[in-house]
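First comes the structure, then the notes that go with it.
FYI, it's all coordinate maths here, none of it is from the lab. Computed from a predicted model, the values in this text were never measured in an experiment. Note: ideal-geometry Cβ built from the backbone for every residue, glycine included; neighbour counts use all protein chains shown.
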Amino acid sequence: MATVYRRPVGAMRHSVKPQLASWDRKAHPSQVKLARFLAHVDAVAGPVLGTVSGRVAAELIVGFSDGVSLTDGGHDLDNYLFPVAQRLGPERVAAVFGRKIHGPSSLAVGAARPDTAGATPQFSTRMAGSYERREWKQRLHDRLAARAATIDPGPVGRTIALTTRPGRNWASLWKPLIDAFGPVLGEDPGRPFHPHDDRIVSLALHHTIDTGIAHDVIIDAWWTRL
């Protein structure tokens, strides 16, 4: 079973609003806002990265004003967490946690500490081939459809643990992985790989390294209706 980690402690309140990942051109306003936010991440995480010799865990709390829906509107947690993990360095990051709340945003970074109170995953599978290919997502989607029931409407908590070979940018797997979770999260008929992932208000992503796994990926997942 993959290792899962504890949430880091010592959260620092944000003075800069968290930003979604952006693939726009460099001068686009979304990129400017993201760069400003990531500079703030550097200021918070830098002292920790300089003192911790091993891998780290991070938690981003994304705060919204009262009245803003936490379960729709495109505020996907994985798209908030991805630029943070890329900035910290996926090879340094063992776990990333995210939550959406009504209230202030904050960020915590600390040494990665395994959580010994593990639970049996609700879904486990080993995936071969390239995650960049549509067939990879389709196989994962079909396996979930065969083994899991759709969660009732409302906010969802998700935990995903990935096992890969050393040196792999495991954060690059998040998007195609979550895109395949329509059978669990629900999805619009006729729109494959468009799950209702903005339902996720609590997300934990963990990474285990296995030198004997070659190019395959082992996926362990848990979920609950909140």
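Taking Cα centre as origin and charging only the Cβ of basic (Lys, Arg, +1) and acidic (Asp, Glu, -1) residues, the dipole magnitude of segment 38-178 rounds to 620 debye. With each label modelled as a point 7 angstrom along the Cα→C-beta vector, the residue 222-residue 132 pair spans 3.4 nm. Helix content alone sets the calculated 222 nm mean residue ellipticity of the chain: runs of n ≥ 4 DSSP H residues at -39500 (n - 2.57) each, divided across all residues, give -8000 deg cm²/dmol. Neighbours of residue 201, meaning other residues whose beta-carbon lies under 10 angstrom from its beta-carbon, give a summed charge of +3 when Lys and Arg score +1 and Asp and Glu score -1. Membrane-span-like helices in the chain, defined here as complete DSSP H runs extending at least 24 Å along the helix axis by their C-alpha atoms with mean Kyte-Doolittle hydropathy no lower than 0.5, are 29-51; this is a sequence and geometry rule, not a statement about a membrane.
For the peptides 25-31, 96-102, 163-169, what is the packing order when you average, over each peptide's residues, the other Cβ atoms within 10 Å and list the highest mean first? Mind dumping the intermediate values first?
On the way: 25-31: 10.4, 96-102: 21.1, 163-169: 14.7.
Ranking, from highest mean packing down: 96-102, 163-169, 25-31.
For a label point 7 angstrom out from the Cα of residue 113 toward its Cβ, which stretches of segment 1-37 have the backbone nitrogen within less than 19 Å? Within reach of a label on residue 113: 3-12.
For segment 83-182, the equivalent ellipsoid derived from the alpha-carbon gyration tensor has semi-axes of 24, 20, 15 Å in decreasing order. Within the shell of other residues whose beta carbon sits under 13 angstrom from the beta carbon of residue 40, the net charge comes to +4, with Lys and Arg scored +1 and Asp and Glu -1.
Of the peptides 73-79, 220-226, 188-194, 119-125, the order by per-residue mean of other Cβ atoms within 10 Å, starting with the highest, comes out as 73-79, 220-226, 119-125, 188-194. In the chain, a dipole from Cβ-located charges (positive for Lys and Arg, negative for Asp and Glu) runs towards its positive end, and of 39, 148, 22 it is 39 whose Cα lies farthest in that direction.
When the chain is treated as a Gaussian network with alpha carbon springs shorter than 10 Å, the biggest mean-square fluctuation among 141, 207, 215 belongs to 215. Note on segment 12-111: along the principal axes its Cα atoms extend 41, 30, 21 Å, ordered by decreasing extent.
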